[in-house]
Amino acid sequence: MDFEKLIKFPEWFGEWNKKNPTDIYGPVIVMGALGTAVIAVIALFAFGQPFATDSLQTGPRGIGMSVTEFKSDLAKPDPGIAALEEIGDLDGDLIKAMQAWTGIPDLFENVDSYQYGVGAMMIAMTQNINENWAGHVYANGEVGVTCYTCHRGQPVPSEIWFSIVPVNERMDGWAAIQNRATSLSQSTSLPSDALESYLLDDQTIGVHDLESRVAGIPGQDDYPGIQHAERTYSLMNYFANSLGVNCVFCHNSRAFYDAGQVTPQWATASLGILMVQELNNDYIVPAGALLPEERLGPRNGDEPKVACKTCHKGYQQPLQGTNVIGDWTQLQSTDEVVELP
């Protein structure tokens, strides 16, 4: 053995390596990537696919009419369900239940308080919903609504809305209601008066004509103009966020405009629009006359109003279809008389 050469190993190896360069990084990267992939596959088999999806078919097969959601999201319960269960047994006492549902311990204790008057109106409203709007609130089985559906243990429900127009104070007309991201425009530059126009003022929802040239003046001669279309898009954005769905939950993507090619959910949603219009005009707005100033809108002093998200809160069905009305027959019909203290 040449001990002298062995002793000089670093020197001769360095010289040899310079003359015979070798790529040692490529194989390391490849092996590292392969190792990571193997570990990832093992983890998927061991713990499940974290991004697995499930699809709700909303129309005929083969035309892409489906709503896709992560299974992990579908498995996550609405926190309102657990909160409702925590309220516990109320022994069929509706007044006690309403106090728990609204978070108002002294509800109905003072006949002269605004809470007493508003509460009585809300009982009548709830009975009306369950009796006369069954096509919407019982569309997927016995579900119904109670005070808890909106209030969730709070004196004032979340996801109510007030008028905030004009959003551009230095502008007049159409420019005053759009081109500024607001909560009512779903953080877009679309019009911020869609809820006010369609869920309070009962204006016709529609988009501009499909033809490039139509006789007459858009918005005046029996067909919508571009302003109506933009306002409609703003409302549709609100619907999607309120129910956690996309457009094809109700519409056929190949023919959004054709009412003959929509999904069954379209009819349920249409009933919901009519229902909310009635609730706002016949109950919520009149109840505003009883409210103190601090309960009114910060900008225009208007009444707090309801819309889809007030009940749904981001889910296709409020409280994910939990039957909230089964034990409360007093709220199921307008024929039932609720005795207040």
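The values are calculated or read from the model by the stated rules, or taken from the named source; none is laboratory data. Because the structure is a prediction, the values reported are computed rather than measured. Heads up, the Cβs are rebuilt from the backbone with ideal geometry, glycines too, and the neighbour counts pull from every protein chain shown.
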For the stretch 164-179 the number of residues that are surrounded by 17 or more Cβ atoms within 10 Å (Cβ to Cβ) and outside any helix (DSSP H, G or I) is 6
Expected single match for within 25 Å of V285 (Cα to Cα) and either in contact with an Asp or Glu (Cβ under 8 Å, 6 or more places away or on another chain) or of a type in the set (S, T, Y) (or both) among Q127, Q154 is Q127
Restricting the stretch 238-264 to residues that are hydroxyl-bearing (S, T, Y) and buried (at least 17 other Cβ atoms within 10 Å of the Cβ), the one nearest to S66 (Cα to Cα) turns out to be T263
TODO: Can you confirm whether the stretch 151-163 contains a residue that is surrounded by 13 or more Cβ atoms within 10 Å (Cβ to Cβ), closer than 30 Å to A120 by Cα and acidic (D, E)?
DONE: yes
If we keep only residues of the stretch 218-250 that are of a type in the set (D, E, K, R) and in contact (Cβ under 8 Å) with a residue 12 or more places away in the chain, then the residue nearest to V306 (Cα to Cα) is R231
Picked from the stretch 283-330 (must be free of Cβ contacts under 8 Å to residues at least 24 places away in the same chain and either loosely packed, with under 14 Cβ neighbours inside 10 Å or not assigned by TED's automatic domain parsing to the domain that holds N128 (or both)), the residue farthest from S113 (Cα to Cα) is T329
*Confirm whether G216 is of a type in the set (G, A, S) and either surrounded by 17 or more Cβ atoms within 10 Å (Cβ to Cβ) or not assigned by TED's automatic domain parsing to the domain that holds Y138 (or both).*
yes
When every residue in the stretch 181-225 that is modelled with pLDDT of 90 or more and of a type in the set (D, E, K, R) is compared, the one farthest from N281 (Cα to Cα) is D193
Here the residues within the stretch 194-217 that are in contact (Cβ under 8 Å) with a residue 40 or more places away in the chain and among the small types (G, A, S) are A194
Given the conditions (1) surrounded by fewer than 20 Cβ atoms within 10 Å (Cβ to Cβ); (2) modelled with pLDDT of 95 or more; (3) of a type in the set (S, T, N, Q), every one holds for T146 apart from (1)
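Against the definition (part of a helix (DSSP H, G or I), surrounded by fewer than 10 Cβ atoms within 10 Å (Cβ to Cβ) and not assigned by TED's automatic domain parsing to the domain that holds P157), how does A33 come out, yes or no? Talk me through it step by step, then tell me what you get.
On the way: part of a helix (DSSP H, G or I): yes; surrounded by fewer than 10 Cβ atoms within 10 Å (Cβ to Cβ): no; not assigned by TED's automatic domain parsing to the domain that holds P157: yes.
Judged against the criteria, A33 is not a match.
Counting residues that are farther than 24 Å from I129 by Cα and out of contact with any Cys (no Cβ under 8 Å at 6 or more places or on another chain), which helices (runs of 4 or more DSSP H) fully inside the stretch 226-341 reach at least 2?
Numbers: elements: 226-243, 264-279, 308-312.
The qualifying helices (runs of 4 or more DSSP H) are 226-243.
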